[in-house]
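Below: the structure, in structure tokens.
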Amino acid sequence: PPLETLFPYTTLFRSVQYLETNYKSAISAQELSDVFGFVPAYINRIFKTFYDSTPMEYVQCLRIERAKDLLMRTKRPIKEIAAEVGYPDSLYFSKVFKRAVGVNPSLYQKRGQENGEK
């Protein structure tokens, strides 16, 4: 296929790799733009096409999934888990987590621990 038809796939692949490697850091649309040399609207459009989300929504999903895993497997404090997945403000993390998962992180962790004991 012509190179220009592969271009969005290459950009998407590279940006997903970048996000999955750096999701713990504060990432902005402008940073992605600077790293990949495209305007944020172009990267957003590629993500919307393939993931039905923006890169920032994708990062949030990565963070929440990693947090869910840590909450289920460990008894670490919520504040520590929040910081590890890229949310320095644990109250904001709790709000985002509850909106995404439907329960707050401490209840999710408690349920995970209870299920692990059975």
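The values are calculated or read from the model by the stated rules, or taken from the named source; none is laboratory data. All values derive from a computational prediction rather than experimental measurement. Note that each Cβ is placed from the backbone with ideal geometry, even for glycine, and that neighbours are counted across all protein chains shown.
Below, the figures for the structure above:
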{"quantity": "Tyr87 being modelled with pLDDT of 95 or more and either outside any helix (DSSP H, G or I) or of a type in the set (Val, Ile, Thr) (or both)", "calculated": "yes"}
{"quantity": "Unmet criterion (only one of (1) modelled with pLDDT of 95 or more; (2) in a loop (DSSP other than H, G, I, E, B)) for Ser106", "calculated": "(2)"}
{"quantity": "Qualifying residue in segment 21-40 (condition: of a type in the set (Lys, Arg) and under 14 Å from the mean Cα position of the chain (by Cα))", "calculated": "yes"}
{"quantity": "Single unsatisfied condition, Tyr108 versus (1) under 15 Å from Lys24 (Cβ atoms); (2) surrounded by 17 or more Cβ atoms within 10 Å (Cβ to Cβ)", "calculated": "(1)"}
{"quantity": "Residues being more than 29 Å from Lys48 (Cβ to Cβ) and part of a helix (DSSP H, G or I) - total across segment 71-84", "calculated": "8"}
{"quantity": "Residue ID - surrounded by the most Cβ atoms within 10 Å (Cβ to Cβ), chosen from residues in segment 77-98 that are more than 14 Å from the chain's Cα centre (by Cα) and charged (D, E, K, R)", "calculated": "Lys79"}
